[in-house]
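Quick notes on the structure that follows.
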Amino acid sequence: MIVLKLISKLIKALRSNATPVQLSWGFVLGMFPGLTPPWNAHNLLIAVLIIILNVNISMAILAFLFFSLFAYLLDPLFHELGYFLLVEVSFLESVWLFVSQAPVMAYFNLNNTVVLGSLLVCILLIVPVFLLMKRFVVYYRERLEERIKKLKIVQALMGSKLYSWFERLQKLGE
């Protein structure tokens, strides 16, 4: 049922009046808590940005769930990258010393190799993920939406009692 609801939210978001930019930024911001370890100050900052900015929250949740599936598989890569930056790159020692001693910066947990590596990967992925998601939204709206509606399985699902029950449930929740 949860998977059905997520797919429904994705399709609803893609069909909504939200612009491709709003959907894409929601997806990008949802990538951060999905790829980085939880309970860090940067995730709180991202949550505040998601709420304050005019981005699609459903896309942020979807991105969080999507990237969370891969985060644990990528943790060894994040660790290696973070270790390299914290230990191997000697000219950054003064930066890490400042970050570890600054009162507020300690909450960002940048002395953790996985946190640092995953945060850097997220920052590097902002532009590519944004552009890919924006292109996908435009492509879906221009070409895929009508094709998907014409699929026999979609028509069969939309005509089923389960779908009508699900629609009634959704309307009650709104």
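Every read-out reported here was derived from the displayed coordinates using simple, explicitly stated rules and does not represent laboratory data. Quantities reported herein were computed from a predicted structural model and do not represent experimental measurements. Positions of Cβ are generated from backbone atoms using ideal geometry, with glycine treated the same way; all protein chains shown enter the neighbour counts.
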- Query: Filtering segment 45-76 down to residues that are among the hydroxyl-bearing types (S, T, Y) and within 11 Å of the chain's Cα centre (by Cα), which residue is surrounded by the fewest Cβ atoms within 10 Å (Cβ to Cβ)?
  - Reply: S68
- Count of residues meeting criterion [surrounded by fewer than 11 Cβ atoms within 10 Å (Cβ to Cβ) and in a helix (DSSP H, G or I)] in segment 89-123: 7
- Which one of the conditions (1) farther than 26 Å from G30 by Cα; (2) in contact with a helix residue (DSSP H, G or I) (Cβ under 7 Å, 6 or more places away or on another chain); (3) not charged (D, E, K, R) does L62 fail to meet, given that it meets all the rest? (1)
- Considering every residue within segment 30-44, establish whether at least one is among the aliphatic types (A, V, I, L, M), under 21 Å from L131 (Cβ atoms) and within 11 Å of the chain's Cα centre (by Cα). yes
- Do we find a residue being in contact (Cβ under 8 Å) with a residue 40 or more places away in the chain and not in a loop (DSSP other than H, G, I, E, B) anywhere in segment 44-57? no
